[in-house]
Amino acid sequence: MRPILAAERLGRVLPGEIPVTLVQDVTLAVERGEFVVIMGPSGSGKSSLLYLLGLLDTPTSGRVLLDGQDTSGFGEDELAATRLRKLGFVFQFHFLLAEFSVLDNVLLPLRRLGVLTEDAARRRARELLDQLGLSEHGHKRPYQISGGQRQRVAIARALANDPPLILADEPTGNLDTRAAANVRQILRDLTRAFGKTVIAVTHDLTFAGAADRRIGIVDGRIDPDWRA
Amino acid sequence: MSIRLAIAVTHLVNRKRPTLVSLTGIVLGVAFFLAVSSLMRGSERDFIKRLIDNSPHITVSDEYRNPQLQPAVVRWPEGAVEVRRVKPLTEVRGIRGHARKLAFIESLPGLRAAPVLMGSVVLTFAGRIEGVTLSGIVPAKTKGVSTIEEKFTQGSLDALAANPNGIVIGVGLAKKFGLEMGSVVNAASPGGEVRTLKVVGMFRTGNANYDETQTFALLKRVQGLLDRPNRINRFIIQLDDPYAARDVAAVIEERTGYKSVSWLEASEDLMSVLLVRNLIMYSVVSAILVVAAFGIYNTISTIVMEKTHDIAILKSMGFHARDVRRIFLAEGVMLGLIGSLLGLALGLGLMALLARVEIKPPGATELVHLPIYWGYEQYLLAAGFALASAVGAAYLPARKAGRVQPVTILRGMG
Ligand SMILES: Nc1ncnc2c1ncn2[C@@H]1O[C@H](COP(=O)(O)OP(=O)(O)OP(=O)(O)O)[C@@H](O)[C@H]1O
Ligand SMILES: [Mg+2]
C-alpha cells in the first residue's frame, strides 16, 4: 500500500543575509494508521519539519507527497483546500479562537467546508466533544476551561472534517501528567480505532513510548542514532 | 449566516467602542451630507423656479444670430462667390410680418406668446425729466406670458386695454415723479414724437430698478410714438414645460430666422455658477465621508493586528486568503451599511428640522421656510458614497490580513 505521507529529500532554508537551514535532506514515509513521533533537541527543526509535512510551509528543496500526490505544484487555493479536508493540526499552544465558544471552535472547519447542513454539523461537533469528554463544555469560552480540556478541543477541531492525517506539535507540552496521559491515549486510539495517521512532535518520553515509531531529528536532519 | 460573516460580526460586536466611534463618523458624515445637499439643492431649485416664473422662457428679438447671406451666395453655395463692399439696406428695425410669425409660434403646442415693441422714451412731468423703457403690449396676450398683473398695486391691465392713452408705471417711478393714478405725463420719443399719457395702473415687483425704469402702454400707441408702424421688436414666450425652452427656441429660430433665446441660454452664466456651487458642496460633504472612512480604516486595521493569530489559525485550518479578505471586507460593508442607514435617519431628521426654519429673504416682506429638496437621489448618493468609502477603507487591512502566513506566526510562537 502506498504511504499516506511521504517526504523526499525535503529541505527548507530561510533566505536572508545569513541563510538559516531549518530542515535538510529529510526522506521519510508514513503508513496509514501509523502513530509516529518526531523527537530531537530543542531547535533541531522538528516544528519546521512538521509545518512542511502539513503544507503550512513550502520546502526550498525536495517534495511532499500526500496520499501519493505530489504537492509541490499546488497553488495557494489547492494547499488551503487540502489542509481543510485532509489535515488536522494540534498545536502546543491550543490556538483556539477566544471569541468563539468551544462548540463554535469545533464548528469552524465544518462550516468552512460547508458539506454538512448547519444541524448536521452541530450534531457532528457535539459528537466529537462527547467522545473527548467535553460534553459539558460546549457553550464555554476557551478561557473558561483547563489547559488539558483546551488541548482536547483542539483535537476535536482537528478531527472535525474527518481528515486521514493528524499533525500535532508537542500536544502534551504544557499539560500535567494526567492530562498528558489522556491526550496521549486519545491520539493513540485515533490510530487504533479510527485508522487515522498521527504524526506528533514531542519531548515527552512516555508519549514517545506509546508511538509505533520514533524519528530523531538533529540539526534539521534525520539522525537514526538519536536517543533521548 | 456564512462562517465568514459570523466571524466578522463577532469581531465588531466584541469591539464595541471603536466600532461605535467609526460608525458615528459615517452616521454624522451621511447626515451632514444630506442636510447640506438638501439645503443647497433646495435653494437652487427655488432660485431656478423664481427664474422660470419671472423671466420669459423664450425671447424672440429682432436680431439675426448670423449676418444675412448675399443672394448670390445662397444661389451658388458651392461656388467661389465673394461679394465685397456691400452697403446694407437701411430698413426699419423690428420683426417684419409679426402677425404671421405670431400665428406660427402660437400654432406650436404648450406655449403662449405676446408681441412687444420696446423702446426708450423720455417722460416729463411737472418739470422733471426721466428716460424710461416703454413697452408696447397687447394686454390680452401679455396676461398669458407675464406675472406682471399680479404685481399691480393699483389699476389693471384691463384698464390699460380700455384706455388707448393709458400708461402703467412702477411704484418707484411714481414716487420719484410724485405721480398718482390719473396723473398725465408727456412721453417723447428720440424721433421727436410726443404723446400725452394717463397713469392707469401701478405695479411693484420688488426689484427697485425695474419699478423705476419699466413702463407699459398699448402696442398701437407705442408704434405711433416710436414711428415704427406695424413693427414689434420681440416676442415673449412662456411654456408649459420650461425645460423644453431650448428645443422650442431652436424651432422658432429655424422657422422665423430671428434670434430666439431660451431662459436656459440667457442664464447660462448663472447655471455654471450653480454647477460650481454644487461641485464645491459635494466635494466638502464627500470629504467628510472620506475622513469618516479613516475611522473605519483605523478600526479594521486594529482588528487585523489584534487577530493575526486567529488569522493564522483559520488559514492553517484551511481558510483561503480570499476567505480571510472577505471577513474584513464584510466588516467594512457592515459598518458602511449600518452607518448609512442610521445616517439617513439622522439626515432626514435634520432635513425636517431645517424645513421648519423660517427666514426673511432680502427684498421680501414675508417669512418663508428654508427651501429643502427631498429628492431620493441624494439618499442614494450619500449612502453609496458612504458604502464605497467604507469598503475602500476596509480593503487595505483586508488585503494585509489575506497575506498573513501561518508559519510566520507559528514560528514566532514556537
Ligand atoms: N524566523 C527565524 N529566523 C531564523 N531562524 C529561525 C527562525 N525560526 C526558527 N529558526 C531556527 O530554526 C531552527 C529550527 O526551529 P524549530 O522551531 O523548527 O525547532 P524545534 O525543533 O521545533 O525546537 P523546539 O523543540 O524548541 O520547539 C532553530 O534553530 C531556530 O532557532
Ligand atoms: Mg518546536
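The values are calculated or read from the model by the stated rules, or taken from the named source; none is laboratory data. Keep in mind the model is a prediction, meaning the values are calculated, not measured. For neighbour counting, all protein chains shown are included, and Cβ atoms are generated from backbone atoms with ideal geometry for every residue, glycine included. Side chains are part of the model used for accessible areas, which takes the heavy atoms of the whole protein and leaves out ligands, DNA and RNA. Shrake-Rupley method; radii C 1.70, N 1.55, O 1.52, S 1.80 Å.
Estimated at 0.36 nm per residue, the fully extended path between B:Lys176 and B:Ala80 surpasses their Cα-Cα distance by 28.5 nm. Between chain A and chain B, roughly 2500 Å² of accessible surface gets buried, counting both sides and using a 1.4 Å probe.
What is the sum of charges around A:Ser146, taking Lys and Arg as +1, Asp and Glu as -1, for the other residues whose C-beta is under 10 Å from the C-beta of A:Ser146? With Lys, Arg at +1 and Asp, Glu at -1, the neighbours total +1. Contact with the other protein chains removes 50 Å² or more of accessible area, compared with the isolated chain and a 1.4 Å probe, from these residues of region B:367-414: B:Val407, B:Leu410, B:Arg411, B:Met413. Probing with 1.4 Å while keeping every protein chain in the model, the per residue accessible area of the protein assembly as shown equals 49 Å².
Taken over the C-alpha atoms, region A:5-222 has Rg and Dmax values of 17.2, 53 angstrom. For a straight C-alpha distance cut-off of 22 angstrom, the lysines reachable from A:Lys46 (same-chain residues fewer than eight places away being disregarded) are A:Lys86, A:Lys196, B:Lys315.
For chain B, excluding the exposed loop sites themselves (chymotrypsin sites (Phe, Trp or Tyr not before Pro), DSSP loop, at most 14 other Cβ atoms within 10 Å), the longest remaining stretch covers B:65-373. Entry note, chain A: the mean residue ellipticity at 222 nm calculated from DSSP H runs of n ≥ 4, each adding -39500 (n - 2.57), is -10500 deg cm²/dmol after division by the residues and rounding to the nearest 500. Of the accessible area of the protein assembly as shown, computed with a 1.4 Å probe over protein heavy atoms only, carbon and sulfur atoms account for 56 percent. Look at the dipole of the protein assembly as shown built from charges on Cβ: of A:Ser135, B:Leu134, A:Gly40, the Cα furthest out on the positive end belongs to B:Leu134. Once all protein chains are placed together, B:Leu314 keeps about 10 Å² accessible to a 1.4 angstrom probe.
Computed from backbone phi with θ = phi - 60° and the Karplus coefficients 6.51, -1.76 and 1.60, the 3J(HN,Hα) list for region B:347-360 is x, 4, x, 4, 5, 4, 5, 4, 5, 8, 6, 10, 10, 10 Hz; x is used for glycine and proline. Counting only Cβ charges, +1 for Lys and Arg and -1 for Asp and Glu, the dipole size of the protein assembly as shown around its Cα centre is about 520 debye. Here's the list of lysines a cross-link from B:Lys101 could span, going by alpha-carbon distance under 21 Å and ignoring same-chain residues fewer than 8 apart: B:Lys141, B:Lys143, B:Lys220, B:Lys259. Once the GluC sites (Glu not before Pro) in DSSP loops with at most 16 neighbouring Cβ atoms within 10 Å are cut out of chain B, the longest remaining piece is B:194-365.
Entry note, chain B: relative contact order of 27 percent, from Cα contacts under 8 Å with a spacing of 6+ residues. In sequence order, region B:126-132 has phi-based couplings of 6, x, 9, 10, 8, x, 9 Hz under the Karplus curve 6.51 cos²θ - 1.76 cosθ + 1.60, θ = phi - 60°, and Gly or Pro positions carry x.
Comparing B:Pro371, B:Pro397, B:Pro56 in a Gaussian network model of chain B (Cα springs below 10 Å), the most mobile by mean-square fluctuation is B:Pro397.
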